[in-house]
1. Are any residues in the range 121-139 open to solvent by 60 Å² or more (accessible area, probe 1.4 Å) and assigned to a strand (DSSP E or B), and if so, which ones?
2. Quick one: is LEU219 buried (at least 18 other Cβ atoms within 10 Å of the Cβ) and farther than 29 Å from VAL32 by Cα?
3. Test GLY168 against the stated conditions and say whether it is modelled with pLDDT under 95 and part of a loop (DSSP other than H, G, I, E, B).
4. Quick check on the range 95-120: of everything there that is under 23 Å from GLY39 (Cα atoms) and among the charged types (D, E, K, R), which residue is surrounded by the most Cβ atoms within 10 Å (Cβ to Cβ)?
5. Which one is nearest to THR50 (Cα to Cα) among residues in the range 140-155 that are part of a helix (DSSP H, G or I) and out of contact with any helix residue (DSSP H, G or I) (no Cβ under 6 Å at 6 or more places or on another chain)?
6. Within the range 158-197, restricting attention to residues that are closer than 28 Å to ALA123 by Cα and β-branched (Val, Ile, Thr), which residue is least open to solvent (accessible area, probe 1.4 Å)?
7. Can you list the helices (runs of 4 or more DSSP H) found entirely within the range 174-219 that contain at least 1 residues being of a type in the set (Asp, Glu) and in contact (Cβ under 8 Å) with a residue 24 or more places away in the chain?
8. Given (1) modelled with pLDDT of 95 or more; (2) open to solvent by 20 Å² or more (accessible area, probe 1.4 Å); (3) of a type in the set (Gly, Ala, Ser), identify the lone condition not met by ALA66.
Amino acid sequence: MHATRRHELGQSFQDGGEHYDRVRPGYPTDSVDWLLPPGAKSAADIGAGTGKFTALLVERGLQVAAVDPSTDMLEQLRKSYPGVEVLEGTAEATGLADSAFDVVSVAQAWHWCDPMKASKEIARILRPYGVLGLIWNQLDTSVPWVHRLSRIMHAGDVHKPGFRPVIGPEFTDLESHLTSWEDAVSPEDIMELTKSRSYYLRANEATRAKVMGNLEWYLFDHLGHTPGQLVGLPYLTTTWRARKIHGVPPR
């Protein structure tokens with residue numbers, strides 16, 4: 001994504017932290033279990049938002065620092081996890097100390113980053129042989145009704161087959177782990193989830209009304225769901241990990 005476009009879309013997440021925290025899904029536990037290296041004691045969650053992935057790191061007893069550019073998002077994180085060190089910053093400029101962490105996670109946020117600059121910064125704050133984790137939740141569009149739903153929602157973060165994240169030369173041994181799971185949500189929850197996405201947040205009122213109208217028709221009239229009914233919304237979570245190369249000179 002071009003830097004200007006990345007910044008423009010990223011600005012849509014500066015506000016609405018409470019809504020984002022309420023409607024966005026969490027992450028499956030085996031994502032963090034697969035990611036963490038043996039003996040890991042500290043982690044930095046970059047682009048932490050309201051703490052959706054931070055929660056899994058905290059639950060495993062790690063000392064956690066969370067970084068995000070949005071003050072509003074971080075306010076929600078502070079309320080939920082008061083023991084977490086919280087800093088306003090970006091993946092390119094975290095404000096964290098050198099060689100301080102065993103693992104750095106970037107969940108649902110790497111596509112907002114400059115991958116080369118972010119890799120260099122993350123390598124700086126990782127200990128030798130530390131692990132970089134890149135995590136994405138995406139709707140499982142192999143399920144036909146979900147594929148159509150994603151188009152109505154304009155869920156643009158569904159990766160194409162063969163996708164591999166770009167990372168800098170500071171890292172090696174990139175590998176991935178896939179988790180298939182379902183989030184129990186109501187039709188109303190799906191509509192609120194749509195309102196938390198960058199396409200909707202940046203759209204004008206006419207476009208927003210059209211999206212909501214199409215969703216109401218699809219969920220209630222076409223699929224036949226009733227208000228408040230719980231629906232299993234299929235997700236795929238892809239967790240990527242790479243190891244910091246020890247002894248690489250800074251660029």
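The values are calculated or read from the model by the stated rules, or taken from the named source; none is laboratory data. Every value quoted in this text rests on a predicted model; they were computed, and no experiment measured them. In this analysis, Cβ positions are derived from the backbone assuming ideal geometry, glycine residues included, and neighbour counts consider all displayed protein chains. To get the accessible areas, we keep the full protein, side chains included, count just its heavy atoms, and leave off ligands, DNA and RNA. Shrake-Rupley method; radii C 1.70, N 1.55, O 1.52, S 1.80 Å.
1. Pass one, the range 121-139, residues open to solvent by 60 Å² or more (accessible area, probe 1.4 Å): 124, 127-129.
Passing the criteria: ARG127, PRO128, TYR129.
2. On the way: buried (at least 18 other Cβ atoms within 10 Å of the Cβ): yes; farther than 29 Å from VAL32 by Cα: yes.
Criteria met by LEU219.
3. Details: modelled with pLDDT under 95: no; part of a loop (DSSP other than H, G, I, E, B): yes.
No.
4. ASP102
5. Let us first name the residues in the range 140-155 that are part of a helix (DSSP H, G or I), namely 144-153.
Filter once more, so that each one left must be out of contact with any helix residue (DSSP H, G or I) (no Cβ under 6 Å at 6 or more places or on another chain): 144-151.
Details: PRO144: 31, TRP145: 29, VAL146: 26, HIS147: 27, ARG148: 28, LEU149: 25, SER150: 23, ARG151: 26 Å.
Across the range 140-155, the extreme among qualifying residues is SER150.
6. THR179
7. Numbers: elements: 187-195, 198-202, 205-216.
Once the helices (runs of 4 or more DSSP H) in the range 174-219 are filtered for at least 1 residues that are of a type in the set (Asp, Glu) and in contact (Cβ under 8 Å) with a residue 24 or more places away in the chain, what remains is 187-195, 205-216.
8. It is condition (2) that ALA66 fails.
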